[in-house]
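Student: Here it is: the structure, laid out below.
The values are calculated or read from the model by the stated rules, or taken from the named source; none is laboratory data. Since this is a predicted model, take the numbers as computed values, not measurements. Every residue, glycine among them, receives a Cβ derived from its backbone with ideal geometry; neighbour counts consider all protein chains shown.
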Amino acid sequence: MSKIKTKLDELVVFSTQSNFYLDFKNYKSIAKPSDKRGDSSFDNFSLELLCVKIKLRDCLFFIFSLYNPPNKVLLFELFSKISKKCTKFIIGGDLNSKTKQIGCIGENENGQVLERVLNELNVSVINDKSPTFNIFNRQYFEILDPFLTPSSLLDKITDFKVLDNDDMTSDHYPIRTCLSVEHFTMDIQAQDKLDFKKADWNSLRAILSSNQKQPPSNINELNEFITKNILEAAEKSIPKQSNKSYKSTLPQDIVGVIKLRRKVRRKFKKTQRLLQILT
C-alpha cells in the first residue's frame, strides 16, 4: 500500500507490493509489517501485514495491505478474523493466489483458499480481470494483486484501475480503487432477539422460584436484583431468534440460487442413502 488519499466524500486506495513501515498522521495503525512490533490482534499469524484504521463519517473503516509469499499457504483464518472484527474493510496486496473465479489464467492451492474466502465469508473481489503481474521476456501475465471487500460495500466502489503505465521497478503493477463514503452509515451491533413463541414458561417460573437469595432493601439495588434474575432465567428458558444477515445484503436472485442449491443437496443425500440401502 503506497498511498491513501481521503476527501469528504471519497476514499482512494492505492496498492503496490511493499513491506515498509507506514505512518499516517491522526490514523491508528493496528497491525504493522513483520519486521516491526505491531498490535497483538494479528501478530499470531506472523504475516507481512499492515492495517490502518480510519474514522469516516462516524464509521470505522479498515485498510489492510498483505503480502503472501508464493511458498506460503494463504490463511483462511486471517480473512475470517478480519470479517468478524471489521464490518467495513478493504484488503489489497500480492496474495499469490490463482483461481479462474477471478479471471486468472492458472490455478494453485492459494487460489482454492481464496475461493473459500469469497464463497464462505461473503467477500468480493474488486478487479475488471486486468492483469496485475507480468514477466516481459516471457510475455506472461496474471492477476495476483486483488482488492477484497465485503460484498455489502460493492455498491460503494466508484472506480478501479490497474496503473500499467506507472514504472514502479517491479513486475507487479500498482492498482487503485475508489470508494464513495458519502452514504456510509454508523455501524450498529445487531442484538439477539428472544423467540417468545418457543419459550419454556414452566422452566422460567421454576428458575425464578428456586432463587433463594435475599432481596436487598434499597429500591435501586432491588430493581437490579429483579432485572438480573429475570434475564438469567430468560437466558436459560427462552431461545434466541437466528439472525441471517445475508438476506439483507445479497440480491434476491442470489438468495434463490443458494436455496435451490441446498434443496438439490438434500435430495442428493437422500438418493445416496437410498442407494446404500438397496446395495
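Student: So is residue 65 out of contact with any strand residue (DSSP E or B) (no Cβ under 6 Å at 6 or more places or on another chain) and of a type outside the set (Lys, Arg) or not?
Tutor: Taking the combined requirement at face value, the residue does not satisfy it.
Student: Quick check on segment 110-119. Is at least one of its residues part of a strand (DSSP E or B) and within 11 Å of the chain's Cα centre (by Cα)?
Tutor: No, there is no match, as no residue in segment 110-119 is part of a strand (DSSP E or B) and within 11 Å of the chain's Cα centre (by Cα).
Student: Looking at segment 192-229, which of its residues are in contact with a helix residue (DSSP H, G or I) (Cβ under 8 Å, 6 or more places away or on another chain), surrounded by 11 or more Cβ atoms within 10 Å (Cβ to Cβ) and hydrophobic (A, V, I, L, M, F, W, C)?
Tutor: Residues satisfying the conditions are 194, 199, 204, 207, 208.
Student: Tell me which residues, restricted to segment 187-231, are of a type in the set (D, E, K, R) and at pLDDT 90 or above.
Tutor: 200, 205
Student: Further question: Applying the selection to segment 78-115, what residues are in contact with a helix residue (DSSP H, G or I) (Cβ under 9 Å, 6 or more places away or on another chain), surrounded by fewer than 16 Cβ atoms within 10 Å (Cβ to Cβ) and not polar (S, T, N, Q)?
Tutor: Answer for segment 78-115, where residues must be in contact with a helix residue (DSSP H, G or I) (Cβ under 9 Å, 6 or more places away or on another chain), surrounded by fewer than 16 Cβ atoms within 10 Å (Cβ to Cβ) and not polar (S, T, N, Q): 81, 85, 100, 106, 107.
Student: Also: State which residue is farthest from the chain's Cα centre (by Cα) when the search covers only segment 143-162 and only residues that are in a strand (DSSP E or B) and surrounded by fewer than 17 Cβ atoms within 10 Å (Cβ to Cβ).
Tutor: Among those that are in a strand (DSSP E or B) and surrounded by fewer than 17 Cβ atoms within 10 Å (Cβ to Cβ), it is 161.
Student: How about segment 103-133: which of its residues are within 26 Å of residue 52 (Cα to Cα) and of a type in the set (A, V, I, L, M)?
Tutor: Within segment 103-133, 113, 114, 117, 118, 121, 123, 125, 126 meet the criteria.
Student: Quick check on this structure: which one of 134, 110, 127 is modelled with pLDDT under 90 and under 25 Å from residue 87 (Cα atoms)?
Tutor: 127
Student: Hey, could you check segment 116-125 for residues that are in contact with a Pro (Cβ under 7 Å, 6 or more places away or on another chain) and in contact (Cβ under 8 Å) with a residue 40 or more places away in the chain and say which is surrounded by the fewest Cβ atoms within 10 Å (Cβ to Cβ)?
Tutor: Looking at residues that are in contact with a Pro (Cβ under 7 Å, 6 or more places away or on another chain) and in contact (Cβ under 8 Å) with a residue 40 or more places away in the chain, I get 122.
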